[in-house]
Amino acid sequence: MYAIKQIPINIWDDFYEDDFVPEGEKQETHIYVEDCDIPKVNQKEYLEVLLEYINKNLDTNGVILTIETVYEEWQIKVEGLTHAKLYEWMEVLGSADIKVDGIPFSIYSES
């Protein structure tokens with residue numbers, strides 16, 4: 001069995017820059033488990049834990065977060081997240097003590 005030492009979570013940061021969103025468009029990105037060897041059922045569970053943490057501990061005003069599958073991969077779809085707010089989130093998430101079954105999350109943002 002594949003034993004993991006950490007749960008790598010990427011908040012994709014390649015979306016429209018603040019103040020440069022074209023008319024009719026919106027800032028959208030996604031959060032996903034960046035290790036395809038982790039079973040999909042576990043990926044969904046990890047994202048559910050993260051979503052609960054975000055909703056309880058971060059400013060989500062103006063942000064819509066939903067768990068969904070895209071190309072058979074689980075992700076949290078994020079709408080309305082600005083880069084400024086992502087920076088604030090990463091200040092908290094980068095050092096958050098989030099674990100599942102004793103396995104810590106490693107949360108980062110890169111594209």
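Some notes on this structure:
- Residues satisfying the stated conditions in segment 46-62, i.e. within 13 Å of the chain's Cα centre (by Cα) and either exposed (fewer than 14 other Cβ atoms within 10 Å of the Cβ) or not aromatic (Phe, Trp, Tyr) (or both): 47, 48, 49, 50, 51, 52, 54, 55, 58, 60
- Within segment 83-108, residues that are surrounded by fewer than 11 Cβ atoms within 10 Å (Cβ to Cβ) have Cβ atoms under 9 Å from residues that are of a type outside the set (A, V, I, L, M) in these pairs: 84/18; 97/104; 97/105, counting only partners at least 6 apart in sequence or on another chain.
- You will find that of 37, 59, the residue that is touching a Phe, Trp or Tyr at 6+ places or on another chain (Cβ under 6 Å), not basic (Lys, Arg) and not in a helix (DSSP H, G or I) is 37 and no other.
- Filter result for residue 44 (basic (Lys, Arg), touching a Phe, Trp or Tyr at 6+ places or on another chain (Cβ under 7 Å) and not in a loop (DSSP other than H, G, I, E, B)): yes
- For residue 39, the criteria (1) touching a residue at least 40 places away in the same chain (Cβ under 8 Å); (2) under 18 Å from residue 99 (Cβ atoms); (3) not aliphatic (A, V, I, L, M) hold in every case but one, which is (1).
- Residues of segment 1-37 that are surrounded by fewer than 17 Cβ atoms within 10 Å (Cβ to Cβ), of a type in the set (Val, Ile, Thr) and within 14 Å of residue 73 (Cβ to Cβ): none at all.
- Screening 88, 79, 17, 34 for residues that are of a type in the set (Asp, Glu), within 14 Å of the chain's Cα centre (by Cα), closer than 18 Å to residue 109 by Cβ and modelled with pLDDT under 95 leaves exactly one candidate, 34.
- Subset tally (residues that are assigned to a loop (DSSP other than H, G, I, E, B) and among the β-branched types (Val, Ile, Thr)) for segment 62-93: 2
- For segment 87-108, the criterion of a residue being closer than 26 Å to residue 24 by Cβ and not aromatic (Phe, Trp, Tyr) is satisfied by no position.
- All positions within segment 63-82 that are surrounded by 13 or more Cβ atoms within 10 Å (Cβ to Cβ) and under 22 Å from residue 38 (Cβ atoms): 65, 67, 73, 74, 75, 76, 77, 78
- All of 59, 101 fail the test of being out of contact with any strand residue (DSSP E or B) (no Cβ under 7 Å at 6 or more places or on another chain) and either under 22 Å from residue 14 (Cα atoms) or hydroxyl-bearing (Ser, Thr, Tyr) (or both), apart from 59.
The values are calculated or read from the model by the stated rules, or taken from the named source; none is laboratory data. A quick note: this is a predicted structure, and the numbers were derived from the prediction, not measured. Quick reminder, even Gly has a Cβ in these numbers, built from the backbone with ideal geometry, and neighbours come from all protein chains shown.
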